[in-house]
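Taken together, the values in this text are just the output of simple stated rules run on the coordinates, not laboratory data. Predicted, not measured: the structure shown is a model, and the values here were computed from it. Cβ sites come from the backbone with ideal geometry, for glycine too, and all protein chains shown count toward neighbours.
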Amino acid sequence: MAKAEIRNKIRRYRFDAGEMTQEELANRAGCTRQTIILMEQSRYVPSLALAFRIAGVFKAGIEDIFEYVGEEHEV
């Protein structure tokens, strides 16, 4: 059974926003640069509140930046 994961497009959105730095995004979203790094590496899943704050920084919907890839269930 495959593990569920949350994929994100944070890096792409940062570069589309004039090459915003990880530090700038972290400051605007209220987290640390290390948290942004881990999310971009898919090693950390943000809280729902942080996901909404990040989406707000980019004036995008949460579903535009984050994608849930669920487990596949065999019937």
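Annotations
- Debye, to nearest 20: dipole size of the chain, +1 on Lys, Arg Cβ, -1 on Asp, Glu Cβ: 340 debye
- Ellipsoid semi-axes in whole angstrom, largest first, where each is sqrt(5λ) of the Cα gyration tensor of the chain: 24, 12, 11
- Ellipticity estimate at 222 nm from DSSP helix runs (n ≥ 4, -39,500 (n - 2.57)) divided over the chain, nearest 500: -12500 deg cm²/dmol
- Helix 48-57 axis, angle to the chain major axis (alpha carbon atoms, nearest 10°): 40 degrees
- Choice from Ala55, Ala29, Ala17 with maximal GNM fluctuation in the chain (Cα, 10 Å cutoff): Ala17
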